[in-house]
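Participant: The structure's right below; bear with me while I get my questions together.
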Amino acid sequence: MKTQYYTATSLDGFIATEDDGLDWLLQLGEPTDSSYPGFIAGVGALAMGSRTYEWLLQHSAEIAAQTGSPWPYSLPAWVFTSRALRSAPGADIRFARGPVAHAFDDIRRAAAGKNIWVVGGGDLAGQFFDAGLLDELIVQVAPVTLGRGKPLFPRRLAAPPLRLTAVSRMGSGMVELRYDLPASAGRGPV
């Protein structure tokens, strides 16, 4: 079991525009044309920030048109938030407050030996990193630049560096990079 931050980023390191827009990414193709189908088959539970969750709720009509359901996941999902949010109809949503480490055992049990996907955003992935609970980064780099936006991983991680484990070309313009986090990186008190 691994805790994985699987995401897409612009070439200049942003996962969304300043207003949480993803049009730049959605123009680049279907998730089924990527490693996503194999990746999601190995996932047992999700963790996401409130903005990612709200984006999914706001775009439920488009998601339903593509997937047949307004909520795209059949897995239990923990939404980390400091605000009261409505629940997605028909989804197994669990709202969590406070440090990610406090909810981690519950997430791990729900994953039942499968991986945990930190869906987004970058700050939540950073919180998992800070708690020593992030094992792998899987980043799909898109051939676009945004200039500004929501950063991929708003943490300094320089020494020791990440360990590159795989590089894959996706279509005519994207590349997927897989990194293991060094054992000593981000392993603060839990």
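Every number here is computed from the coordinates shown, using simple stated rules; none is lab data. This is a predicted model, so every value here is computed, not measured. Glycine gets a Cβ as well: all are built from the backbone with ideal geometry, and neighbour counts include every protein chain shown.
Participant: Tell me the relative contact order for the chain as a rounded percent, counting alpha carbon contacts under 8 Å between residues six or more apart. Kindly include the intermediate steps, with their values, before the conclusion.
Facilitator: On the way: 352 pairs, mean separation 61.7, N = 190.
Value for the chain: 32 percent.
Participant: Could you tell me which of rounded, prolate or oblate describes the stretch 88-158, using a ≥ b ≥ c as the square roots of the eigenvalues of the alpha-carbon gyration tensor, with rounded for a/c under 1.5 and, failing that, prolate when a/b is larger than b/c and oblate otherwise? Don't jump to the answer; show the numbers that get you there.
Facilitator: Numbers: a/c = 1.90, a/b = 1.53, b/c = 1.24.
Judged from the Cα gyration tensor, the stretch 88-158 comes out prolate (a/c at least 1.5, a/b above b/c).
Participant: Between residue 1 and residue 20, what is 0.36 nm times their sequence separation minus the Cα-Cα distance? Round to one decimal in nm. List each step's numbers first, then the result.
Facilitator: Details: separation 19, 0.36 × 19 = 6.84 nm, distance 3.00 nm.
Between residue 1 and residue 20, full extension yields an extra 3.8 nm.
Participant: Here's something else I'd like to know. Can you give me the distance in nm between label points at residue 59 and residue 180, each placed 7 Å from the Cα along the Cα-to-Cβ direction?
Facilitator: Result: 3.3 nm between the two label points.
Participant: Please sort by residue number the chymotrypsin sites (Phe, Trp or Tyr not before Pro) in the stretch 74-140 whose DSSP state is loop and whose Cβ has at most 13 other Cβ atoms within 10 Å.
Facilitator: The qualifying sites: there are none.
Participant: With mean projected area of the Cα convex hull in nm² in mind, check (i) 10.4; (ii) 12.9; (iii) 22.1 and report the label derived from this structure.
Facilitator: (i)
Participant: A further question on this structure: How high is the FRET efficiency between residue 86 and residue 166 when r is their beta carbon distance and R₀ equals 45 Å, given to the nearest 0.05? Write down the numbers at each step before the final one.
Facilitator: Working: r = 38 Å, r/R0 = 0.85.
E(calc), rounded to 0.05, equals 0.70.
Participant: Which trypsin sites (Lys or Arg not before Pro) does the stretch 87-137 hold that lie in a coil by DSSP with at most 14 other beta carbons within 10 Å?
Facilitator: Details: sites: 94, 97, 108, 109, 114; in loops: 97, 114.
Of the trypsin sites (Lys or Arg not before Pro), the ones in loops of the stretch 87-137 whose Cβ has at most 14 other Cβ atoms within 10 Å are 97.
Participant: Then there's this: When the label point is put 7 Å from the Cα of residue 51 along its Cα-to-beta-carbon vector, which residues of the stretch 129-150 have a backbone N closer than 15 Å?
Facilitator: Hits in the stretch 129-150 for residue 51 at 15 Å: 146-150.
Participant: Who wins for biggest fluctuation among 37, 154, 99 in a Gaussian network model of the chain, springs between alpha carbons below 10 Å?
Facilitator: In the Gaussian network model the winner is 37.
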